[in-house]
Each structure stands twice: as structure tokens, then as C-alpha cells.
1. Just checking, which of D495, D483 is modelled with pLDDT under 95, among the charged types (D, E, K, R) and open to solvent by 40 Å² or more (accessible area, probe 1.4 Å)?
2. Considering only residues that are open to solvent by 10 Å² or more (accessible area, probe 1.4 Å), in contact with an Asp or Glu (Cβ under 8 Å, 6 or more places away or on another chain), on the phi < 0 side of the Ramachandran plot and modelled with pLDDT of 95 or more, which ones fall in the range 1-32?
3. Is it the case that R141 is open to solvent by less than 70 Å² (accessible area, probe 1.4 Å) and not in a helix (DSSP H, G or I)?
4. Take the residues in the range 340-366 that are open to solvent by less than 20 Å² (accessible area, probe 1.4 Å) and over 21 Å from the mean Cα position of the chain (by Cα); name whichever of them is nearest to R274 (Cα to Cα).
5. Just one of (1) at pLDDT 95 or above; (2) under 23 Å from V36 (Cβ atoms); (3) open to solvent by 10 Å² or more (accessible area, probe 1.4 Å) trips up H372, so point out which.
6. Does any residue in the range 311-339 that is under 17 Å from Y282 (Cα atoms) come within less than 8 Å, Cβ to Cβ, of a residue that is open to solvent by 20 Å² or more (accessible area, probe 1.4 Å) and aromatic (F, W, Y) six or more places away or on a different chain, and which pairs are these?
7. Only one of R118, R106, R66 is open to solvent by 70 Å² or more (accessible area, probe 1.4 Å), under 25 Å from R9 (Cβ atoms), modelled with pLDDT of 95 or more and not in a loop (DSSP other than H, G, I, E, B). Can you tell me which?
8. Among the helices (runs of 4 or more DSSP H) contained in the range 241-341, which hold 3 or more residues that are over 25 Å from D133 (Cβ atoms)?
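The values are calculated or read from the model by the stated rules, or taken from the named source; none is laboratory data. This one's a predicted model, so the numbers in the text were calculated from it and none came from an experiment. FYI the Cβ positions are ideal-geometry reconstructions off the backbone, even for glycines, and counts take in every protein chain you see. In case anyone asks, the SASA skips ligands and DNA or RNA and just uses the protein heavy atoms, side chains included. Shrake-Rupley method; radii C 1.70, N 1.55, O 1.52, S 1.80 Å.
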Amino acid sequence: MHPTSLPSRGGIGDFGPAAYRFVDFLASARQGVWQVLPLGPLGYGSSPYSSTSAFAGNPLLISLERLADHGWIDRGKVDALPVSSGPVEYERVFAEKMPLLFEAARAFLHTASSEALRAFESFCCGNSWWLDDFVLFDVLRARHKLEPWNLWPQDIARREPSSLEKMKADLAEDIRLRSALQFAFSEQWRSLRRYCSERSVRVIGDVAIFVNHDSADVWTYPELFRLDANFEPEVVAGVPPDFFSKTGQRWGSPLYRWDVMKQGGYKWWIQRLRWATQNCDYIRLDHFRGFDQFWEIPAGDATAVNGRWVDGPRDDLFIKLREALGGLPFFAEDLGYITPEVHALRDRLQIPGMAVLQFGFGDAGAHIYLPHRAAGKVIYTGTHDNDTITGWWHSGAAEHEKRSAEAYLGQTNDGIHWAFIRAAQCSPASLSIIPLQDILGLGSEARMNTPSVYGGNWRWRFAENQLEPALSAKLALLAEVSDRLPEPFSLQTSDSFFA
């Protein structure tokens, strides 16, 4: 359940009161993990997997209510925001919420206590290694009306030092405002994570293997990416035709220069995954297949059909990560066409894979996703890229899949979604994760994302009254009988200024 799906004020879910009530629901339901999608600032298509930074936070997730609690903004302006749980309308949300966030940031910088300002300065100093480039990029992107960075004036696109220094001086106020918003995001997320840990709820984050071309990362480190003389991608990422799309998926992200990254000791990747592990308890590595081999698509092609497999960094990257991080608290998204070499890489690294129950009933080869073969894996009924179980059952599942599912799961009086949930929870998998839409038994209207379809994705939100006490009681009893009760743990971070 991504935070944007919470029934918060202002048309989009955030880190405010609704998030804390959701954690209370998880605790009462005896659930031990909460998985989210990437939390970065949104880029192309409002997709969390197409962010403008691998390190920054999405300011739309900042709670204005929490800011009002700390005096950043007048409470009346926040209370005037609509209370609704309808789908996220991103254009409207940007137009209505961002001005209020900037107003709050401006008030903070001018009226905050010396203690709060010291905390802000400490945040800026401690995170300057990514923050300085991101906020400058963010300001310049806004000034150039969201035009891709390689179309900016060439002295800025090429990061000529004298031009960057002039921009920093000319845009200092705007830069400081955006830094304040990143501080607010960080403090609110840390506070929410501490609330989770106090209730024995661990947070699972998500790291996309590739980054958006129009991002602070590619602008700052163009030498790490496959770009031509005009800073356009030479080749782009995606996957070949598969279950989700007959023409494959053309993501459009530039591919890495793995040889250059290796020469630099994979510094950028080490920073990225260290940052991820500091912000979440576990990390799902999206498209793990790409670390073994990635699908290289000519940048001029409209689809992914004419791509080719190219060798990735394999063990070499993860050896460096283990040396730097002291461990690999990851699990791998290893769905789709997976070769024995990918499984071997994952096994050598001792990184668990995934099993998606919805995929398990197509044919005998699909049985690898079924619960009895899920030992040591992370099992799901479905993911954000799947239809909901109820939607799939009524409009997507083939008759032979239904027959196989009924033979495996038996009949159920409380909906097919509960048959799937019980099978996942009672499996030998190391972790069992259920999309909230499946817990609620919702249909296709609640689907979060349809791969390769532009528009209409990432918009689903639930209503507060859907989290009924009877539902949490049912989940709690299932967690108890399936031996999945959460264990207490302590979050190893300093107290948040927003605690």
C-alpha cells in the first residue's frame, strides 16, 4: 500500500494522520511489515518508478497537517482542503498542494525556532552530497517549465562551474525553500517509521534498478550513463515481450556504463543502496534480472521488440555492496523470463526471490509461484502491476486457471481473495505480503498500475471506513494461526524533530 493511497486531505495520501491510523490498523491486525513503492519526487507519468531523483523525497507526501502542528502553516488553510478518498488527480494536486508547501517552507525559514533551524542546517550539511545537486536541478527544471535538462542552455546542461555558481547565487531563495521541503519530508518519514517500529511494523522499500533520464542523477553524473554528444540516451531500458505486453515494455531510462561504474568502485550504487537501507528496514530490488543481463533497446525504437540481452555487473557489484554495507537486506523481484543464471546469481548472493500466487495456475511451469514451492521466498497474492485477485478472477483469469485454482485452494465462502490470502499466509515463504486491495476484496477499479499503459495509473486510494475492526480481527487471527506474528524490534535512528 503506497502512501499516496491513504485517505489524506488534499487529494493525495501523505505522512499525516491517516498514515498513523493505517499503522494502528496494521498493529491491531498483527501485521509485521508494510511495503511501499519508491518514495522519490514524481517525473514522467506520475510513476514512482520514474523519479527525478534516486535520493530525494516526493514533497506531495509531506503532510500539511503535521506542518500545521509545528507552526509552519495556518491550520485554517489546511482544514480548508477537501477530505476525499477518490483517485489521485495529479495535476490538480500539484496545483493546489505545492503552493501551500512552499508557503509553509517560507514561513519555517523566517519564523522557526533556533532549535528547528539548527536541525535544518544539520540536515542540509549531512545530506549535501545529494541534496545540493537535487535542489538546484529541481529549481532549474521548474524555471525551464519541466523541459528535459539536456535542452537547457548548454552551459547549464554541461554543468560549467562558473554557470552553476551563478545559478546558485541567483536562485538561492528558491533553493533554500526546496531544501526545507526535503527536510520536512525526511523528518516526517523518520517520525512515521519510528511509530511503525514502536508497533513492531517493519517497512519494506523499493529500489528501481534504473533511473529517469530527466533526473538530477543523470544531470549530475552523465558519465555514468549511455548518452550521446547531445546527452540523449543512446540506448534505453525495458523488457522484451512477456505476460504483461506483446510488444514488451520500453521504459525509456538510460542504461548504465557499468564499466565506468566499476572503475569508480560502484560509488553511486553504494550511496544509493546505503541511503535506501537507512530509510527502510528491507529493500525490494526491482528488476533483479537486469543485474545479470539487461534488455538494451535502441533509443529510436518505439517498442521493446528489437532489443537484445547484454551482460550486467553480476556478482561484482554485490560484492562491493556487501563490503560497504556489511550485509544485503534485500529481496529480488525476479519475475518474468528468468534464466538459470539469474537464479544462480540470486542464490550465490543469498537474496530471496518472489512468488506471485496469481501467476501460479497457468500451466505446470507456473507452479514455481505456488505456496508449496515458496520456501525461503517472499510470497504475494499479486503486486502493484497485477490486477486485483477479485478483478482477475472475474475478468482476467482463463477457465483452466480457475479450475486449477479451485483444485488447489478449495471452495471459499468469503471470496476468492480470502482463499488466496490464506494460501499465501500459510505457505512456508519467509514473508507473506498482501496488497491492501486484496485484503478489501476490491475489483479491477482498484488496480494500481497496468504496465505499458500510459495514463490512469498510480491513482487508487482507499476510504477510511473500509478498515473495519472485523477485518483487523480476521487478519490477526490468521497471523496467529499461521505463525506470522511480528517480533518487536528497535529502529536504530535518532529521534525525529517531528516526533
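1. D495
2. Answer for the range 1-32, where residues must be open to solvent by 10 Å² or more (accessible area, probe 1.4 Å), in contact with an Asp or Glu (Cβ under 8 Å, 6 or more places away or on another chain), on the phi < 0 side of the Ramachandran plot and modelled with pLDDT of 95 or more: P7, P17, R21, G32.
3. Answer is no for this residue.
4. My answer is L349.
5. If we test H372 against (1) at pLDDT 95 or above; (2) under 23 Å from V36 (Cβ atoms); (3) open to solvent by 10 Å² or more (accessible area, probe 1.4 Å), just (2) comes out false.
6. P329/Y282; F330/Y282; F331/Y282
7. So the residue among R118, R106, R66 that is open to solvent by 70 Å² or more (accessible area, probe 1.4 Å), under 25 Å from R9 (Cβ atoms), modelled with pLDDT of 95 or more and not in a loop (DSSP other than H, G, I, E, B) is R106.
8. Where helices (runs of 4 or more DSSP H) fall fully within the range 241-341 and carry at least 3 residues being over 25 Å from D133 (Cβ atoms), they are 289-292, 315-325.
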